[in-house]
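Step one of this worksheet: look at the structure below.
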Amino acid sequence: MAAAGAGAGAALREAARRKLRRFSELRGKPVAPGEFWDIVAITAADEKQELAYKQQLSEKLKRKELPLGVQYHVFVDPAGAKIGNGGSTLCALRCLEKLYGDKWNSFVILLIHSGGYSQRLPNASALGKIFTALPFGNPIYQMLELKLAMYIDFPSHMNPGILVTCADDIELYSIGECEFIRFDKPGFTALAHPSSLTVGTTHGVFVLEPFSALEYRDLEYKCCHRFLHKPSIEKMHQFDAVYRPGNFSQQEFAKGDTPSLKLDSEYVYTDSLFYMDHKSAKKLLAFYEEIGTLKCEIDAYGDFLQALGPGATVEYTRNTSNVTKEDAELVDIRQRIFHLLKGTSLNVVVLNNSKFYHIGTTEEYLFHFTSDSNLKSELGLQSIAFSIFSGIPKCHGNTSCVIQSILDSGCSVATGSVVEYSRLGPDVSVGENCIISGCSIITAAVLPAYSFVCSLSLKMNGYLKYSTMAFGVQDNLKKNVKTLSDIKLLQFFGVSFLSCLDIWNLKVTEELFSGNKTCLSLWNARIFPVCSSLSDSVTTSLKMLNGIQNKSAFSLNNYQLLSIEEMLVYKDVEDMITYREQIFQEITLNRKQLDVKTS
């Protein structure tokens, strides 16, 4: 069994490396017709995010980090109510129609949803989840390049249509040498990965048409009877979505988001990305044109896929338990989508040797970049990626990770921590399980274990300023209360937020929070100082953290204070990109000098 598991892992590793090599060959070169995507589109939540994405795409194309001859677009959600990734999909279809008329019906299109504010991984908030740095490559790969690499075989085996994916997950799979995943059937086609029942409760689960155990292979094409969205374990059993691997030979199942899956476990097939043919896309577009303005959140997975397959029923349209914000219009819109798509087939590409990794939270980010040996092995992730630093201890298991940063050899980074796009001086000590992003720390500093420190450049009244968000990696920035009297229920670095305000000498008033005054959270709390230099900004925010740690007063009264929500409004993307570029140039020069010395 162990040998079978090792073989499956080796096959995944080789498949991933082959795709990365193939993508590397296409970077900075014009692609031949049919060789790559006709269009790569990224969704954005608002105009500030749209601008940030466009600037970063422009930089990547300038530096020849992406294949050329492809149309790269950023499609922004309309202003007003949040419309979810389903609404963003509809909006993107309308943008395609406006830009290309009937031409787009012959295109193969990749649509990446990256419109969230990344409140669970705030180092991706300013520049976007799809531009999250990964610890390998020269120049450093970001999630965008990895997605393009992992999907490298898809466009040439796809009929005109749209592949829909999210910005913060990674799908790895291995199939036979002469096999390819084909997206060539009418309707929708989705990838399916074997997962534990627990994982199934937070994903979509496929109820497949019955099939024989004898035909079990790494790649299988199946019809889906119905799709369940975040079902209970009881519901998975009720609808016959659960499989038992006893019938299958010595296969060890995927362990991406399923670390507890064993050979004798029950399992289900869960979703990741999906494809829709042009005819289905046109049907959805006609529906969007008909309703005019969307005023509620639609989920591309829960609301499109649950309408598909012969077993689909209308009941799910009234189930709002998984919805973040219930809206009067939601049930009506869902029912209209159900009737629009009813009878459309849902084809499933079953990938029995595959893994699905999610990197959308601080916990997942730290785990996968430091202690997860599986993903490291499969993608060739490095402990020190395109950085200057000789101080990482050579140890097995839980180690640290440094990405495109310049760290003095006297600096120390404890295990389980990630440092990206930063400069740290000789007397800087980073504790365990920290995330340090975009920082410059020159003076002596101790960053407590489990701290999150991320600096942003700001443009305020025409002047360049800086602010650094600092809190605990386990803090819940999304948790909110409705009244000022309830803010004692919020926790900052494991301490009651009310106690923190005392330490910082801040009064509890409505002015303490930006935005919606009935939705009070760490996300919109005005507690982060604005400074005129990057290093001062980090030092000041660290004093805030240390004040909480040591229960010693540090007054914030004399500073202009911003919330994270406001930082994103004032962010200066150009300056942040310039700062990263300076680090890049310095590392490149250092490497050239080392090459000269050793040659």
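Scan the stretch 110-133 residue by residue and report those that are assigned to a strand (DSSP E or B), under 29 Å from His157 (Cβ atoms), under 11 Å from the mean Cα position of the chain (by Cα) and of a type in the set (A, V, I, L, M).
Selection gives Ile112 alone.
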Open item on the list: Taking the criterion of being modelled with pLDDT of 95 or more and over 23 Å from the mean Cα position of the chain (by Cα), would at least one residue in the stretch 194-201 satisfy it?
Closed with: no
Task: Matching helices (runs of 4 or more DSSP H) fully within the stretch 300-393 where at least 2 residues are farther than 30 Å from Ser412 by Cβ and open to solvent by 20 Å² or more (accessible area, probe 1.4 Å) - done: 330-341
Task: Checklist (1) over 26 Å from the mean Cα position of the chain (by Cα); (2) open to solvent by 20 Å² or more (accessible area, probe 1.4 Å); (3) closer than 25 Å to Val446 by Cβ; (4) in contact (Cβ under 8 Å) with a residue 40 or more places away in the chain applied to Tyr579, failing item - done: (1)
- [ ] Scan the stretch 422-439 for residues that are open to solvent by 10 Å² or more (accessible area, probe 1.4 Å) and within 23 Å of Gln119 (Cα to Cα) and jot them down.
- [x] Gly431, Glu432, Asn433, Gly438
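In the stretch 533-564, how many are within 31 Å of the chain's Cα centre (by Cα) and in a loop (DSSP other than H, G, I, E, B)? Reasoning before the result, please.
To start, the set of residues in the stretch 533-564 that are within 31 Å of the chain's Cα centre (by Cα) comprises 533-546, 548-549, 561-564.
Imposing the further condition that a residue be in a loop (DSSP other than H, G, I, E, B) reduces the set to 533, 563.
Result for the stretch 533-564: 2.
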TODO: Report, ordered by the first and then the second residue, all pairs with beta carbons closer than 6 Å, sequence separation of six or more or different chains, a first member in the stretch 159-177 that is aromatic (Phe, Trp, Tyr), and a second member that is open to solvent by less than 10 Å² (accessible area, probe 1.4 Å).
DONE: Tyr173/Leu351; Tyr173/Ser354
Task: Evaluation of Glu252 against (1) among the acidic types (Asp, Glu); (2) surrounded by 22 or more Cβ atoms within 10 Å (Cβ to Cβ); (3) modelled with pLDDT under 95 (one fails), failing number - done: (2)
- [ ] Restricting attention to the stretch 23-39, report how many residues are assigned to a helix (DSSP H, G or I) and open to solvent by 80 Å² or more (accessible area, probe 1.4 Å).
- [x] 1
Task: Test: residue in the stretch 589-599 that is in contact (Cβ under 8 Å) with a residue 40 or more places away in the chain, assigned to a helix (DSSP H, G or I), in contact with a helix residue (DSSP H, G or I) (Cβ under 6 Å, 6 or more places away or on another chain) and surrounded by 12 or more Cβ atoms within 10 Å (Cβ to Cβ) - done: no
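Of all residues in the stretch 281-296, which are of a type in the set (Gly, Ala, Ser) and open to solvent by less than 10 Å² (accessible area, probe 1.4 Å)?
Scanning the stretch 281-296 gives a single hit, Ala281.
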Task: Filter result (under 17 Å from Lys279 (Cβ atoms), of a type in the set (Phe, Trp, Tyr) and open to solvent by 40 Å² or more (accessible area, probe 1.4 Å)) within the stretch 170-190 - done: none
Task: Filter result (at pLDDT 95 or above, within 20 Å of the chain's Cα centre (by Cα) and among the small types (Gly, Ala, Ser)) within the stretch 134-179 - done: Ala149, Ala167
Task: Residues satisfying the stated conditions in the stretch 110-137, i.e. in contact with an Asp or Glu (Cβ under 9 Å, 6 or more places away or on another chain) and within 17 Å of Val76 (Cβ to Cβ) - done: Ser114, Gly115, Gly116, Tyr117, Ser118, Lys129, Ile130
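Which one of Ser114, Ser156 is surrounded by fewer than 21 Cβ atoms within 10 Å (Cβ to Cβ) and within 22 Å of Phe274 (Cβ to Cβ)?
Working: Ser114 fails: surrounded by fewer than 21 Cβ atoms within 10 Å (Cβ to Cβ).
Answer to the check: Ser156.
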- [ ] Those residues that are aromatic (Phe, Trp, Tyr) and on the phi < 0 side of the Ramachandran plot, I need them from the stretch 434-468; list them, please.
- [x] Phe452, Tyr463, Tyr466
TODO: Name the single residue, out of those in the stretch 256-299 being β-branched (Val, Ile, Thr) and outside any loop (DSSP other than H, G, I, E, B), that is modelled with the lowest pLDDT.
DONE: Ile291
Open item on the list: Being under 29 Å from Val473 (Cβ atoms), in contact with a Gly (Cβ under 8 Å, 6 or more places away or on another chain), modelled with pLDDT under 95 and not acidic (Asp, Glu) is true for just one of Ser371, Ser321. Which residue is that?
Closed with: Ser371
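Looking only at the stretch 41-53, which residues are in a helix (DSSP H, G or I) and either in contact (Cβ under 8 Å) with a residue 40 or more places away in the chain or within 16 Å of Leu111 (Cβ to Cβ) (or both)?
Lys48, Gln49, Glu50, Leu51, Ala52, Tyr53
The values are calculated or read from the model by the stated rules, or taken from the named source; none is laboratory data. This is a predicted model, so every value here is computed, not measured. Neighbour counts run over all protein chains shown; Cβ positions are idealised from the backbone, glycine included. SASA here: full protein model, heavy atoms, side chains in, ligands and nucleic acids out. Shrake-Rupley method; radii C 1.70, N 1.55, O 1.52, S 1.80 Å.
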